[in-house]
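Structure first, then comments.
FYI, it's all coordinate maths here, none of it is from the lab. Worth saying up front: this structure is predicted, and the values here are computed from it rather than measured. Every residue, glycine among them, receives a Cβ derived from its backbone with ideal geometry; neighbour counts consider all protein chains shown.
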Amino acid sequence: MAVRLKSLLTTGPVTIPLNSGNTVRLSPGQISDELHEVEVAGNAKVEKLRQRRVVEVVTDDSAPANASGEDAGTEPRTRSRK
């Protein structure tokens, strides 16, 4: 499964070490590209940053629809015929 990391900071960047040895640098509010779940699974640094509310691990299932985290209630758009 693919996951993304989202910075919850309002100022300054955050650098996140991944299990593979690579790192991800995120600016405030930035969301990373898709990563394999194994990059963050069991990662003590990612867990510590999550507990401190510095980053959020976003999956397709838990992705917020808008900034407030509420479901946007997307309905199909229809065109009216005249």
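Could you give each residue of the range 55-60 its phi-based ³J(HN,Hα) in whole Hz, using Karplus coefficients 6.51, -1.76, 1.60 with θ = phi - 60°, and x for Gly or Pro?
9, 10, 8, 10, 10, 4
Using the Kirkwood formula on the Cα atoms of the range 2-59, what hydrodynamic radius do you get, in angstrom to one decimal?
Kirkwood hydrodynamic radius for the range 2-59: 11.1 Å.
Per-residue HN-Hα couplings for the range 15-24, Karplus 6.51 cos²θ - 1.76 cosθ + 1.60 at θ = phi - 60°, whole Hz, x for Gly and Pro?
10, 10, x, 9, 4, 6, x, 6, 10, 10
For Gln30, what is the net charge nearby, where nearby means another residue's Cβ is under 13 Å from its Cβ and Lys, Arg count +1, Asp, Glu -1?
+1
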